[in-house]
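The values are calculated or read from the model by the stated rules, or taken from the named source; none is laboratory data. Small disclaimer: the values here were computed from a predicted structure and weren't measured. Cβ placement follows ideal geometry from the backbone for every residue including glycine, while neighbour counts extend to all protein chains displayed.
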Amino acid sequence: MEQNANKIIPQLDNNLAFQIDYTANYTKSFRREFQAQFIEGCETPDEFTILYALHLHPDISQSELAKILFKGKAHIGKILNEMEERGLIKRIADTRDNIIIKRNEITPKGEEIFAKGNVQFSKVKNKILKEYTREELIQFIQYLTKYRKILSSFVDVKLK
């Protein structure tokens with residue numbers, strides 16, 4: 001059940017920046033709780049996002065993972081190492097132009113966890129899709145993109 005933080009300061013009901021930030025934080029908390037209850041084997045939402053990204057784009061780099069997760073490359077490297085230790089992924093060192101590049105592959109154990117988690121997240125996605133039309137979802141994404149562009153006109157936001 002959603003808790004309404006706006007009861008403390010009712011003016012926040014109509015504050016767009018607050019509502020977006022509140023929704024982002026609410027979603028992060030939801031993902032942590034949802035994952036803890038329904039997805040065994042992934043310790044954090046970031047780990048599931050990494051499995052999801054590797055499933056869709058097996059050649060995704062550590063730098064690209066860092067950007068989509070808003071984390072530093074070293075932090076992502078630590079997460080990847082922990083996932084490898086638990087058998088969710090396998091890190092393979094390749095050499096390109098005398099530079100060592102680590103590729104990441106999902107192991108059968110990681111695929112199993114991803115598949116189970118994807119089933120659970122699909123239930124959430126399907127419920128959302130029942131509540132909104134396709135046009136509303138497209139428009140919502142366009143609004144969020146426009147909002148980010150407006151903010152970037154003031155400050156150059158760098159993804160870590």
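Annotations for the structure displayed:
- When the range 3-24 is filtered for residues that are surrounded by fewer than 13 Cβ atoms within 10 Å (Cβ to Cβ) and not in a helix (DSSP H, G or I), the ones remaining, listed by number, are GLN3, ASN4, ILE8, ILE9.
- Listed by position, the helices (runs of 4 or more DSSP H) inside the range 50-154 whose residues that are within 27 Å of ALA36 (Cβ to Cβ) and in contact with a Gly (Cβ under 7 Å, 6 or more places away or on another chain) number at least 2 are 62-69, 108-131.
- If the condition is being among the β-branched types (Val, Ile, Thr) and either within 9 Å of the chain's Cα centre (by Cα) or crowded, with 16+ Cβ neighbours inside 10 Å (or both), then the range 25-53 contributes ILE39, THR49, ILE50.
- Figure legend. Inter-residue proximity from the range 6-17: first residues under 19 Å from TYR147 (Cβ atoms) and in contact (Cβ under 8 Å) with a residue 12 or more places away in the chain, second residues surrounded by 10 or more Cβ atoms within 10 Å (Cβ to Cβ) and not charged (D, E, K, R), beta-carbon distance below 8 Å, spacing 6+ or different chains. Indicated pairs: LEU16/TYR147.
- Filtered residues of the range 54-89 (kept if modelled with pLDDT of 95 or more, among the basic types (Lys, Arg) and surrounded by 14 or more Cβ atoms within 10 Å (Cβ to Cβ)): ARG86
- Residues that are among the small types (Gly, Ala, Ser) and surrounded by 10 or more Cβ atoms within 10 Å (Cβ to Cβ) do occur in the range 97-112, at least one of them.
- The range 145-160: number of residues that are within 19 Å of the chain's Cα centre (by Cα) and either within 19 Å of LEU56 (Cβ to Cβ) or in contact (Cβ under 8 Å) with a residue 24 or more places away in the chain (or both): 2
- Members of the range 35-49 that are part of a helix (DSSP H, G or I) and closer than 15 Å to PHE114 by Cβ: GLN35, PHE38, PRO45, ASP46, GLU47, PHE48, THR49
- Each residue in the range 18-42 was checked for being in contact (Cβ under 8 Å) with a residue 24 or more places away in the chain and of a type in the set (D, E, K, R), and 1 pass.
- Any chance THR107 is under 26 Å from LEU54 (Cβ atoms), free of Cβ contacts under 8 Å to residues at least 24 places away in the same chain and in contact with a Leu (Cβ under 7 Å, 6 or more places away or on another chain): yes
- Per the listing ASP46, ASP59, the residue uniquely touching a residue at least 12 places away in the same chain (Cβ under 8 Å) and touching a strand residue (DSSP E or B) at 6+ places or on another chain (Cβ under 8 Å) is ASP59.
- Condition check for ILE89: more than 30 Å from VAL157 (Cα to Cα), over 17 Å from the mean Cα position of the chain (by Cα) and in contact (Cβ under 8 Å) with a residue 24 or more places away in the chain: yes
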